[in-house]
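One structure below.
Every number here is computed from the coordinates shown, using simple stated rules; none is lab data. None of the values given here were measured: they were computed from a predicted structure. Note that each Cβ is placed from the backbone with ideal geometry, even for glycine, and that neighbours are counted across all protein chains shown.
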Amino acid sequence: MQRTLILLKPSSIERGLVGEILSRLEKKGLLIVGMKMIRLSDELIEEHYSHLVSKPFFPILKEAMQKTPVIAMCVKGKEAVRLVREMVGPTNGRNATPGTIRGDYSISALKNLIHASDSLATAQIEIDRFFKPEELFDYKTVMSTALYAPD
Ligand code: IDP
């Protein structure tokens, strides 16, 4: 089982798409093991998007990420890191295939609704960035027996 970090960005909150996106993740069979609403500080954005601080669009990215609070989530499942990235789709909603979250509901790179960790190593770093250990939960549901087979 893997855990991955998801942020529902201000663009999804402003457009009332939180329930829709959550529903997709739940229906896929991913288990929510942590979830909270937070306002991102300048420092947290600069750390989270440290690979982008020198880009010309960084100031508008920062502004967009602070427009409303965000919802941070940690979800768990087999191959969850890759699965969630595939469900999210590529960065620019205009290039994202229909069927993906960005492909179905977004039409730009800046307002692309959702962040998801891009590798197992990044996921661990990002989960630790947004959640304290006591904010993450370990539990089983009856769904897991309906979802998984030994493959
Ligand atoms: P990712 O979110 O698909 O992993 P990154 O390259 O890590 O993509 O970029 C982080 C975020 O920065 C994107 O999700 C998007 O919101 C924003 N972004 C990336 N490229 C651009 C751009 O060219 N213009 C405006 N915003 C961008």
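General remarks:
- Screening segment 26-118 for helices (runs of 4 or more DSSP H) wholly inside it with 3 or more residues that are under 30 Å from Ser144 (Cβ atoms) and within 13 Å of the ligand (Cβ to nearest atom) returns the ranges 80-88, 101-105.
- Residues being closer than 16 Å to Lys78 by Cα and more than 14 Å from the ligand (Cβ to nearest atom) - total across segment 122-141: 5
- Residues of segment 1-51 that turn out to be within 18 Å of Ala123 (Cβ to Cβ) and of a type in the set (Asp, Glu), as a count: 1
- The number of residues in segment 108-151 that are surrounded by fewer than 16 Cβ atoms within 10 Å (Cβ to Cβ) and touching a His at 6+ places or on another chain (Cβ under 9 Å) comes to 1.
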